[in-house]
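The values are calculated or read from the model by the stated rules, or taken from the named source; none is laboratory data. It should be emphasised that the depicted structure is a prediction, and the values quoted were computed from it without experimental measurement. Please note: Cβ atoms are built from the backbone with ideal geometry, for glycine as well, and neighbour counts cover all protein chains shown.
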Amino acid sequence: MTSRPDEVSARSRIDTTVAHPARRYNYWLGGKDNFAADRASGDAIAAAMPGVRLMAIENRLFLGRAVRYLARQGIRQFLDIGTGIPAPDNTHEVAQRVDPASRTVYVDNDPIVLSHARALMTSTPQGATAYIDADLRDPDSILTHGDLDRALDLTRPVGLILACVLHFIRDDEDPQGILDRLVAALPSGSHVVASHATWEYLPAEAIEKLVAANPDGRFVARTGVQFGTMLSGLDLVEPGVVSISRWHADEAPQPRPPVEDVACFGAVARIA
Ligand SMILES: C[S@@+](CC[C@H](N)C(=O)[O-])C[C@H]1O[C@@H](n2cnc3c(N)ncnc32)[C@H](O)[C@@H]1O
């Protein structure tokens, strides 16, 4: 099978010498699409925060439950920003199990995710998927992209997915403004699914090590209160802002892990 030109160009942009969030996350999930720098960074974080692999696994389970919830509410279009390297139960797969006509647009700024975009283009014939190579920090580049326009009807409710990506937006990059811009573009009845890592449960020594492992400050841990504040203009779906392991926990594998080990908050909120 020949590669698409954007996949070829993506591969030439991949820098394997520095750790990238998508590849580090893939390493924690047990995937093979990562390099030595990603594994070294992943191990340094895991040394201070042993629950980080569990967080990654629980985040995928949360994403699946949240997308299934939205699909059962009648949402048939999804905008998944910060998609990550494909993993079992990608958003369109979960949604299309509920309704094969569901449509999903994926967005990520990492060329390695673009190089795997083909694996996200496995839509049912009735539905559709698209992939946009863009940056969450420039929400208008996503909202005005022709592929978004072709795949989604922004006059009908959309499920906006921001799973474990807002913690890569620094405060000086205005995460609240970015979220507000995306929300403003979506009609009433749309929903936001978001998850966000926290250092709230960690001892000071562990936080010191994590700060050292994050020299460029690209990762920003926030508290549950700070994450909840970001969503405060929206109608939170029960049970509100909780550990990702506790969101609709009755549908998750049992027993549920302790919230301190998972160290990640999640929520689903409706746009009025
Ligand atoms: C931890 S992974 C989460 C993947 C997936 N959302 C999930 O929950 O399983 C974070 C993803 O966000 C992407 N990302 C980070 N900053 C981004 C940005 N500014 N714009 C778009 N994607 C970004 C990374 O490349 C990576 O694929």
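Looking at the range 132-154, which of the residues that are under 19 Å from V193 (Cα atoms) and more than 10 Å from the ligand (Cβ to nearest atom) is surrounded by the fewest Cβ atoms within 10 Å (Cβ to Cβ)?
D153
Return only the number of the condition from (1) within 22 Å of D138 (Cβ to Cβ); (2) within 14 Å of the ligand (Cβ to nearest atom) that G30 does not satisfy.
Unmet condition: (1).
Can you find even one residue in the range 115-127 that is modelled with pLDDT of 95 or more, within 25 Å of V220 (Cβ to Cβ) and not aliphatic (A, V, I, L, M)?
No, the range 115-127 contains no residue that is modelled with pLDDT of 95 or more, within 25 Å of V220 (Cβ to Cβ) and not aliphatic (A, V, I, L, M).
Out of the residues in the range 244-257 that are in contact (Cβ under 8 Å) with a residue 40 or more places away in the chain and outside any loop (DSSP other than H, G, I, E, B), which is surrounded by the most Cβ atoms within 10 Å (Cβ to Cβ)?
Checking each candidate, the answer is I244.
Answer yes or no as to whether R53 is over 22 Å from T129 (Cβ atoms), more than 10 Å from the ligand (Cβ to nearest atom), over 15 Å from the mean Cα position of the chain (by Cα) and among the basic types (K, R).
yes
Test each condition in (1) outside any helix (DSSP H, G or I); (2) free of Cβ contacts under 8 Å to residues at least 40 places away in the same chain; (3) buried (at least 17 other Cβ atoms within 10 Å of the Cβ) for P125 and report the one that comes out false.
(3)
Since Y27 meets every condition but one in (1) touching a Phe, Trp or Tyr at 6+ places or on another chain (Cβ under 6 Å); (2) surrounded by 19 or more Cβ atoms within 10 Å (Cβ to Cβ); (3) outside any loop (DSSP other than H, G, I, E, B), which condition does it not meet?
Exception for Y27: condition (1).
Mind listing just one residue for me: the one in the range 67-108 that is within 16 Å of the ligand (Cβ to nearest atom), touching a residue at least 60 places away in the same chain (Cβ under 8 Å) and part of a strand (DSSP E or B) and, of those, surrounded by the fewest Cβ atoms within 10 Å (Cβ to Cβ)?
Of everything passing the filter in the range 67-108, I81 is surrounded by the fewest Cβ atoms within 10 Å (Cβ to Cβ).
Out of all the residues in the range 211-221, is one or more surrounded by 15 or more Cβ atoms within 10 Å (Cβ to Cβ) and more than 16 Å from the ligand (Cβ to nearest atom)?
Residues of the range 211-221 surrounded by 15 or more Cβ atoms within 10 Å (Cβ to Cβ): 213-214, 219-221.
So of that shortlist, the ones also more than 16 Å from the ligand (Cβ to nearest atom) come out as none.
No, the range 211-221 contains no residue that is surrounded by 15 or more Cβ atoms within 10 Å (Cβ to Cβ) and more than 16 Å from the ligand (Cβ to nearest atom).
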